[in-house]
Amino acid sequence: MSLILLIEQVLNGLQFGIMLFLMAAGLTLIFGVMGLINLAHGSLYMIGAFCAAAVAAATGSFLLGLVAALAGAAIAGALVELLVIRRLYTKDHLDQVLATFALILIFSEGTRWIFGSFPLFLDVPDFLSGPVTLPGGIEYPLYRLALIAVGLAVALGLWLLISRTRLGVQIRAGENDREMIAALGIDIARLYTIVFALGAALAGLAGALVGAIQSVQVGMGEPVLILAFVVIVIGGIGSIKGALVGAILVGLTDTLGGIFLPEILKLFLDPSTATSVGSSLASMAIYILMAAVLILRPAGLFGARA
Amino acid sequence: MIRERYLNALTLALFVAIPFWAITADEPFTITLMTRAVVFAIAAVGLNIALGLGGLVSLGHAVFFGLGGYAMGILAYHAQNYTPLTEWPFLIEGTKSMPLIWLVAVIVSSLAALVIGILSLRTAGVYFIMITLAFGQMFFFFAISWAEYGGEDGLSIYVRNGFPGLNTLDPIQFYGLCLGLLCLVLLFAWRLSGSPFGLALNAARQVPVRVETAGLDPVRLKLVAFVVSGAITGLAGALFADLNRFVSPTMFSWQTSGEIMIFIIIGGVGRLFGPVVGALVFVALEHWLGALSDFWHIYLGLLLLVIVLFGKGGLIGMLCGREAVHD
């Protein structure tokens, strides 16, 4: 248990959290503006990863793969919004859950139909592969550092978009009073499609970036989706800042819990029990964190409304 | 339009007639399929108490389904290995007796529903959906990492558990047992919805403020509904495990929660027989479409979309019109 290991794990947790943020930001934006709970967000993550893997395999370029992931997920998101989601805004949450659950079935089986059941692989590009030496002599994979940087850049861009641009003003207004901004002559249907496509593109980007360190397969989106739900419950639904803080908290808890809980328990229990109890506890740690936040603040850390 | 009562009677008649046909035609697999439908129906009747009556969109009912399954799995596992469950603080042994297993399944899932309910009902709406989903995942990952009881591989039970006076290894006898339980559960749900508690719960779903003004606590009403609902789904989990003689973390997965919800939607939310019709149709679709195509989930997804977008009220709603309690 050295300092180097600790720093490595903190970086891993940060990287995991930042990727969760990309998912959670889209979800929370879509909920905040449209009041829609979207279970199919994980499918958009998967679509991004598959687009990236297919295009990168065909062209040999990772960057082209990333572009394809962004475009593919955004187009899929816009299409789904136009065909299905649009009819759900006025329905209750149960209908939204079921319709988006149906979309998951369709997307997952459709992807399996096209690509088969075997996972695809997306390689880390040459210019980002290999370790870098950080100050203090810590060797850390360059690609994971790049993920953290990209995620933070996206967070900054999102913040600028929402607080500094005309579209951002419309989004914030849409969160507060959709009838008023419709009355002021904003095409609300178009705004909704744009927000949904933006959220989809963020999910697709996350899928493609993570696809290079994990395998790209059907069903990869749902575990991440559920973690993203935990993130926005902790952060407060509708709050981008909450999504960022919640994502980093969840990422760090999950990663550090898996490493350190068994070690800590070894101080009290015999090693084999400590390992099994510790790993069980670690797998539950983020949900315990979520329960704790709910007890203290039912609307989440930065949530304005429940 | 058919009267809902006649449709319900027809459904029950099908549940009796199809297995009889299966015996005469010597199609034992049909009996297994029908048992599957009955067990799913029990689970969905349970969820319907929270969802239809209480308006609680729980995406975590797989927790109770799985707990019921693991209650059966763990008790029977110790009984078949002749090892005690625990020796401290006092000796607890496994059992192969269904009534005992059901009792444990119901108690364990009610306790879990109580804790999850207290935490989740601090919130409402979308938060509630996400939190119940997250608790489902928590149990799923716990079951995967619990190596003592099979971890990811699950537990196999070699011989189906026994019920006094019946030979449960005979498919039709086990089917009859499950169908009897389904009838009891339906009777209970029907009596519940007409009871003062059911009426208060119905009101708490529609206008919580008025219920509060009348001196009742809507959150407590919903909590009781959630616990009852979890207990029934837990019972179904124990039966499902006995049907397959196998439990695995899949019973806890969020897809299971989604499927239990799908049964209700296909049949009709808030209708007494909605979950029963839905489970029967789902098992039939699974069997026929599954034989036609490996990708039958696409068709299931499309059907679900059509029902949600255009067919409010599920199959019963389409056949009988909108006369049920669901608002």
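A simple rule links phi to the HN-Hα coupling: the Karplus curve 6.51 cos²θ - 1.76 cosθ + 1.60 with θ = phi - 60°, which for segment A:117-127 gives 8, 7, x, 9, 10, 10, 8, 5, x, 4, 6 Hz, with x for Gly and Pro.
Spin-label model, A:Asp187 to B:Leu302: label points 7 Å out along the Cα-to-beta-carbon direction sit 3.1 nm apart. Distant-in-sequence amide contacts of B:Leu59, defined by a placed amide H-H separation under 5 Å and a gap of 5 or more residues or a different chain, comprise B:Thr132, B:Leu133. Annotation: peptides A:100-111, B:294-305, ranked by per-residue average of other Cβ atoms within 10 Å with the highest first, follow the order A:100-111, B:294-305.
Working note: Karplus 6.51/-1.76/1.60 with θ = phi - 60° gives segment B:58-65 the couplings 8, 9, x, 6, 4, 3, 6, 4 Hz, where Gly and Pro are set to x. 3J(HN,Hα) along segment B:94-102: x, 8, 10, 9, 4, x, 5, 4, 4 Hz, from the Karplus curve 6.51 cos²θ - 1.76 cosθ + 1.60 with θ = phi - 60°, whole Hz, x for Gly and Pro. By its C-alpha gyration tensor, with a ≥ b ≥ c as the square roots of the eigenvalues, how is segment B:257-327 shaped: rounded for a/c under 1.5, else prolate for a/b larger than b/c, else oblate? Note, shape of segment B:257-327 comes out prolate. Averaged over residues, the count of other Cβ atoms within 10 Å places the peptides B:113-124, B:230-241 in the sequence B:230-241, B:113-124, highest first.
What shape does segment A:97-199 have by the C-alpha gyration tensor, where a ≥ b ≥ c are the square roots of the eigenvalues, rounded means a/c under 1.5, and otherwise prolate means a/b greater than b/c and oblate the rest? Oblate shape, in that a/c is at least 1.5 and b/c is the bigger or equal ratio.
Put the Cα centre of segment B:142-187 next to the Cα centre of segment A:104-125 and the gap is 35 Å. Please report B:Tyr82, A:Tyr192, A:Tyr140 as a ranked list, fewest other C-beta atoms within 10 angstrom at the top and most at the bottom. Listing B:Tyr82, A:Tyr192, A:Tyr140 from fewest to most nearby Cβ atoms yields B:Tyr82, A:Tyr140, A:Tyr192. Basic side chains Lys and Arg get +1 at the Cβ, acidic Asp and Glu get -1 at the Cβ, and with that the dipole of chain A about its Cα centre reaches some 680 debye.
Is the C-alpha gyration tensor of chain B telling us rounded, prolate or oblate? Criteria: a/c under 1.5 is rounded; beyond that, a/b larger than b/c is prolate, otherwise oblate. Here chain B falls in the oblate category. When peptides B:87-94, A:265-272, B:126-133 are ranked by their average number of other Cβ atoms within 10 Å per residue, the highest-first order is B:126-133, A:265-272, B:87-94. Take each residue in B:253-259, count the other chain C-beta atoms within 10 Å of its C-beta, and the mean is 3.
Each Lys and Arg contributes +1 and each Asp and Glu -1, all at the Cβ; summed about the Cα centre of the protein assembly as shown, the dipole is approximately 1640 debye.
With the biggest extent put first, the Cα atoms of the protein assembly as shown measure 74, 66, 55 Å across the principal axes.
For the residues of B:144-152, the average number of beta carbons from a partner chain within 10 Å of their own beta carbon is 3. Looking only at segment A:1-28, which residues have a backbone nitrogen under 20 Å from a spot 7 Å from the Cα of A:Glu139 in the C-beta direction? Taking a point 7 Å out along Cα→Cβ of A:Glu139, the residues of segment A:1-28 whose backbone N falls under 20 Å are A:1-13.
From its DSSP helices (H runs of at least four residues, each -39,500 (n - 2.57)), the protein assembly as shown gives a residue-normalised ellipticity at 222 nm of -24500 deg cm²/dmol. The modelled label-to-label distance for the pair B:Ser97/A:Ser129, using points 7 Å beyond Cα in the direction of Cβ, is 6.4 nm.
Taking the dipole about the Cα centre of the protein assembly as shown, with the C-beta of Lys and Arg at +1 and of Asp and Glu at -1, give me whichever of B:Gly154, B:Gly237, A:Ile30 is farthest to the positive side. So the residue furthest toward the plus end is A:Ile30. Proximity of backbone amide H atoms, modeled 1.01 Å from N, is registered between B:Glu93 and B:Leu85 at under 5 Å, excluding neighbours fewer than 5 places apart on the same chain.
Stokes-Einstein, applied to the Kirkwood radius of segment A:241-286 over Cα pairs at a viscosity of 1.567 mPa s and 4 °C, places its translational diffusion at 119 µm² s⁻¹. For peptide A:213-224, the mean count of partner chain Cβ atoms within 10 Å of a residue's Cβ comes to 1. Dipole orientation for the protein assembly as shown: of the candidates A:Gly246, A:Leu301, A:Gln9, A:Leu301 has the Cα lying most toward the positive pole (charges on Cβ; Lys, Arg +1; Asp, Glu -1). Dipole of segment B:4-320 computed with +1 at Lys/Arg Cβ and -1 at Asp/Glu Cβ about the Cα centre; of B:Gly73, B:Thr250, B:Phe128, farthest Cα towards the positive end is B:Phe128.
Each reported figure results from applying straightforward, stated rules to the coordinates on display, with no laboratory input. None of the values given here were measured: they were computed from a predicted structure. FYI the Cβ positions are ideal-geometry reconstructions off the backbone, even for glycines, and counts take in every protein chain you see.
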